[in-house]
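Only one structure is covered here, and it is reproduced in the block below.
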Amino acid sequence: MNNWSRKDFLKTSLLGGSAALFAGHGRLYGQTSPAAGSANGDVRVGCVGINAQGAGHMRDYVTGKIKGARLVAICDADEAVLNRRKADCEKEGGKVATYRDYRKMLESKEIDAIVIATPNHWHSLMTIWALQAGKDVYVEKPLSHNIWEGRQAVEAAKKYSKQIVQAGTQNRSSQDIKEAIAYIKSGKLGAIKWVRGTCYKPRDSIGLTTGPQAVPGTVDYDLWTGPADLTPPRRNGGKGPIHYDWHWFWNYGGGDISNQGIHQVDVARWMLGAEGMPTSVQSFGGRVGYRDDAETPNTLVSVFNYAKAPLIFEVRGLGRKKGMKAMDVYRTSSISVTVQCEGGYVAVSEAGTAGIYDADGKVMQKLAANTNGSHRQNFINAVQARKQSVANGLIENCHYSTALCHLGNISYRVGAEKSNAAIADAVKSSEASKEAYGRMVEHLSANEVDFAKTPAMLGPLLKIDGAKELFTGSEKEIVAAANKSPLMKREGRGAFKVPQIGPKVVA
Ligand SMILES: NC(=O)c1ccc[n+]([C@@H]2O[C@H](COP(=O)([O-])OP(=O)(O)OC[C@H]3O[C@@H](n4cnc5c(N)ncnc54)[C@H](O)[C@@H]3O)[C@@H](O)[C@H]2O)c1
């Protein structure tokens, strides 16, 4: 993404040959008005949300890193971001149409495919609108802000099935994980006992404001807020009052399990071979080690129970010990998935190392390199082929993995602060929870967290009706509170209501 040069950009003009070949398999792209210097047959792409992740997408198209496609439009609710990115494109010789209002971008007949890299609270609605407008879609992870709207996006993809949808869970294109899954399936390590995902990633305080913050004049805040509740920003750390730090507020994001963590949740669920929802979930954790404006936990354990085996997920935002930047390592790395089998384990890491280990932790076999960088090209290949089956990032998979993040967060949010002794007692009957809780206490003690002043939160063990995508069970009050969570369902507001596409599910 850093090697964005004029030389690279000029390569786009050489892509005509391969693009035309691709185009022979389906509809021919770019016939209406091919951009100067670009070839017929390219998929014409519009990127929405181009501050950080979206800028990376944009560059991949402008520089010709992605074959068979070209960038024709960009959209951002922040005029300063939009102008900056337009200038970036022009510097490389790229001409793009610019939009602040996504709905206007969708009206353009010059755009075939949309790449969505806005904050999470916009992902589902933008996906649905793009499909309704006849566009193919690459939507960044997580799929949704809440389970219900994610389901509507899945149903929209089914309804508009001629269009291609790729979810941005890029590990689905990674060769090492495919090899790891094949090894597990071979049965050489025996049955799976548990799967653990870790997201030990440093997350500093975002600081403390004294009240609502002013919205910069360049930001159309109504558009930025979209289907979320319209409320002034209450943050102003290093990233300012608008961008990025929305991850740590329930109105927009879901903390690090929904940010970095969704990647490892998705890989863990895939490696476990667990289709769909778990049968129950329980979480504990807290936002500890500092006081700041943010709402989401920086320390979280969620245990998802599946018929096959439990999937345990751990978020740690604090270092190894107080004052230390380095993060804890779980077996092989800090951001990882470990599949513990009867006769050994398989571990894959975000850093790209993957291997098979025996029961003593000795490496038996190294796996192929991580190839998740091919995921964006895989989307264009699927679009050119007009075949959803070519795309690796199926929206339904992303929906379920995103839903796990929401389920974990809901258990946490309907929980209550408890003493260490009370939590230890509550989780003692689950080996997976007991073990993870013990290590969480060790980790927080190393960070000198005073549990008397900031006790951890313990969420209830919540049963899930996977078919209805709702909580269920005899503890009516808790179940009702969990089902009422905005992470379960939020319909949007005003012009930004999420349409009901699929079967009606009543909470
Ligand atoms: N796949 C990955 O590995 C990966 C990595 C990083 C981020 N992401 C995802 O990408 C998304 C964006 O992350 P980021 O760090 O770039 O966030 P960011 O806050 O820095 O940027 C989001 C941009 O979207 C714009 N935006 C908001 N609402 C808009 C609207 N209605 N219309 C047009 N533009 C709008 C904002 O103004 C901003 O410029 C997140 O959902 C994140 O989870 C994925």
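Ordered by residue, what ³J(HN,Hα) values in Hz, to whole numbers, does segment 443-454 give under the Karplus form 6.51 cos²θ - 1.76 cosθ + 1.60, where θ = phi - 60° and Gly and Pro are x?
Values per residue, Gly and Pro as x: 4, 6, 5, 5, 8, 6, 6, 8, 5, 5, 7, 10 Hz.
Quick one, can you get me the convex hull of the C-alpha atoms of segment 239-389 expressed as volume per residue in Å³? The partial results should precede the final answer.
Numbers: hull volume 26.7 nm³, N = 151.
It is 177 Å³ per residue.
Calculate log10 I(q)/I(0) of segment 30-176 for q = 0.19, 0.20, 0.21 Å⁻¹, where I(q) comes from the Debye formula with a single equal point scatterer on each Cα and nothing for solvent.
The computed values of log10 I(q)/I(0) come out as -1.16, -1.27, -1.38.
When Rg is the radius of gyration of the Cα atoms in segment 168-313 and Rh is its Kirkwood radius, what does Rg/Rh come to? Write down the numbers at each step before the final one.
On the way: Rg = 18.8 Å, Rh = 17.6 Å.
With Rg and the Kirkwood Rh in hand, the quotient comes to 1.07.
Report, in whole Å, the centroid distance computed from the Cα atoms of segment 294-356 and segment 104-152.
30 Å
Give a residue-ordered list of calculated ³J(HN,Hα) values for segment 147-159 (Karplus: 6.51 cos²θ - 1.76 cosθ + 1.60, θ = phi - 60°; whole Hz; x for Gly, Pro).
5, 4, 5, x, 4, 5, 5, 5, 5, 5, 4, 5, 5
Give me SER445, SER283 ranked fewest to most by other Cβ atoms within 10 Å of their Cβ, as a rough exposure proxy.
Working: SER445 14, SER283 29.
The fewest-first ordering by Cβ neighbours comes to SER445, SER283.
Considering only DSSP beta bridges whose two residues both sit in the chain, what percent are antiparallel, to the nearest 5?
Values: 50 of 76 bridges.
So the antiparallel bridges amount to about 65 percent of the total.
In debye, nearest 20, what is the charge dipole magnitude of segment 183-308 about its Cα centre with +1 on Lys and Arg Cβ and -1 on Asp and Glu Cβ, if you could check?
Working: 13 positive and 11 negative charges, 169 e Å.
Dipole size: approximately 800 debye.
Please report GLU155, GLU314, GLU442 as a ranked list, fewest other C-beta atoms within 10 angstrom at the top and most at the bottom. Display every interim value, and only then the final one.
Numbers: GLU155 18, GLU314 24, GLU442 11.
The order, fewest Cβ neighbours first, is GLU442, GLU155, GLU314.
Find how many whole Å separate the alpha carbon centroid of segment 160-193 from the alpha carbon centroid of segment 410-432.
Distance between centres, Cα-based: 32 Å.
Charges on Cβ only, +1 for Lys and Arg, -1 for Asp and Glu, centred on the Cα centroid of the chain; of ALA69, THR127, SER280, which one is farthest towards the dipole's positive end?
ALA69
How would THR402, THR332, THR231 line up from fewest to most surrounding beta-carbon atoms within 10 angstrom? Walk me through the numbers on the way to the answer.
Details: THR402 30, THR332 20, THR231 11.
Placing the least packed residue first, the sequence is THR231, THR332, THR402.
Under 15 Å from the Cβ of THR209, count the other residues' Cβ atoms, weight Lys and Arg +1, Asp and Glu -1, and hand me the total. Mind dumping the intermediate values first?
Values: positive: ARG234, ARG235, LYS239, ARG291; negative: ASP245, ASP292, ASP293, GLU295.
Spelling it out: positives minus negatives among the neighbours equals 0.
Using θ = phi - 60° and the Karplus form 6.51 cos²θ - 1.76 cosθ + 1.60, what ³J(HN,Hα) does each residue of segment 106-123 get, whole Hz, x for Gly and Pro?
5, 6, 5, 7, 8, 10, 9, 9, 10, 10, 9, 9, 7, x, 3, 5, 9, 4
For each pair in LYS308/LYS468; LYS67/LYS162; LYS162/LYS497; LYS178/LYS322, compute the distance between the two Cα atoms and list the pairs where it is over 26 Å. Mind showing how you got there, number by number?
Values: LYS308/LYS468 21 Å; LYS67/LYS162 22 Å; LYS162/LYS497 24 Å; LYS178/LYS322 38 Å.
Beyond 26 Å: LYS178/LYS322.
Taking the Cα centre of the chain as origin and charging only Cβ (+1 Lys, Arg; -1 Asp, Glu), how large is the dipole, in debye to the nearest 20? Let's see the in-between values first.
Numbers: 65 positive and 49 negative charges, 172 e Å.
Value, rounded to 20: 820 debye.
Can you tell me, using C-alpha contacts under 8 Å and at least 6 residues apart, the relative contact order of segment 77-223 as a whole percent? Intermediate values should be presented prior to the final figure.
Numbers: 129 pairs, mean separation 32.3, N = 147.
Relative contact order here is 22 percent.
Taking all pairs of distinct Cα atoms, average 1/r, flip it, and tell me the Kirkwood hydrodynamic radius of the chain in Å to one decimal place.
On the way: mean 1/r = 0.0425 Å⁻¹.
Value: 23.5 Å, from the Cα pair sum.
If eta is 0.890 mPa s and T is 25 °C, what Stokes-Einstein diffusion coefficient results for segment 321-440, Kirkwood Rh from Cα pairs, in µm²/s? It would help to have the intermediate numbers written out before the result.
On the way: Rh = 18.3 Å.
Translational diffusion coefficient: 134 µm²/s.
Name the residue from ILE184, ALA167, PRO212 whose Cα lies farthest towards the positive end of the charge dipole of segment 94-224, charges +1 on Cβ of Lys and Arg and -1 on Cβ of Asp and Glu.
Of the listed residues, the answer is ILE184.
Just so you know, all these numbers are worked out from the coordinates, no wet-lab data involved. This is a predicted model, so every value here is computed, not measured. Please note: Cβ atoms are built from the backbone with ideal geometry, for glycine as well, and neighbour counts cover all protein chains shown.
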